[in-house]
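To start, the structure under review is shown below, and the notes come after it.
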Amino acid sequence: MPSKKPEPTFIVKLIAPGVVPSQIPFRMVSAALSAIQDLASGRDPLETRQVPAEKVIGLVNVRTGSALYSCVSRSPSEAKANLRLVGDILRENVGAKTSDERLAKALKPIEKLSEVAKSLGGRIEVALASHPKDALFEVSKDDFAKLSSRLFLTGEETVVGVVKRAGGQTNMKCALSIPGRRRLLFCDVKNKGVVQRLGQHLYEEIAARGTIVWIHSSWHIYKFTIHDFTQPRIGDAVKAIEKLRKAGLDAWDNIPNPDEVLRGLRK
């Protein structure tokens, strides 16, 4: 006996004037569904290469000639909550201080959906399968730009961190481990020369200079582009300790490894 087809969790619609579903490029559909899967699962594509198996989204009831895609989630309650959050973000019902990491993770897929909507010449709409006429949210070409103007601050800054990854031919990237930040900071790199130099300093601390984008009020770093970098120097620890002794600070004599203490202070 064939297994019962699962009930869809939500519906994705690609809407545009005079659109012919069969003529929508597959890459456009794939990009939209990939972004929505990230939103529904709460995945950060920079941190997690693949959506965990228990959060995967699948397609059901796909009909020829229809730009409507019924999706089923293995974690439907979480998917619905995450998609409702996207609606709140787009309707300005959450502020920059609300759930910084969830907000930051949602913004990247929203940016991708805005790009798809621009290419489509319309919008992408997501609704619960149980209420298909009541959209949880819709994304048009200008929506990410509106969010950017409301949520982001941009400036030139120096970020100190340890280089964990560096490379790429076309999309040059670097990952930094930054004190006080649980996740790695994935950075764009200005040019090939800088990314090659970064690759020579893996697992070393650097002071990276570049353009930074924050989520305002919380100062959560959303994006950082490295223009150049230097390596912080602690100097000669032995000479520094000797100067402290001469100044009367002989407590250093009781510290087993003063050099290591100074290096810890630097970090």
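Nothing in this text is a laboratory measurement; each read-out follows from the coordinates by a stated rule. Remember, predicted model here, so these are calculated numbers, not experimental data. Positions of Cβ are backbone-derived with ideal geometry, glycine not excepted, and every protein chain shown enters the neighbour counts.
Quick look at the numbers
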{"quantity": "Gain on full stretching of the segment that runs from residue 146 to residue 84 - 0.36 nm per residue minus C-alpha separation", "calculated": "20.4 nm"}
{"quantity": "Semi-axis lengths, Å, the stretch 153-230, gyration tensor of Cα atoms, sqrt of 5 times eigenvalues", "calculated": "19, 14, 11"}
{"quantity": "Per-residue Cβ neighbour rank within 10 angstrom, fewest leading, 214, 219", "calculated": "219, 214"}
{"quantity": "Filter on 108/192; 5/112; 13/108; 13/141; 80/118 - keep pairs with C-alpha separation over 22 Å", "calculated": "108/192; 5/112; 80/118"}
{"quantity": "Relative contact order of the stretch 153-230, defined on C-alpha pairs under 8 angstrom at six or more residues apart (%)", "calculated": "35"}
{"quantity": "Within the stretch 168-192, backbone nitrogen closer than 13 Å to the virtual label 7 Å beyond the Cα of residue 160 toward Cβ", "calculated": "178-180"}
{"quantity": "Exposure proxy ranking, count of Cβ atoms within 10 Å, fewest first, for 85, 68", "calculated": "68, 85"}
{"quantity": "Proxy reagent accessibility, fewest Cβ within 10 Å first, across 172, 28", "calculated": "28, 172"}
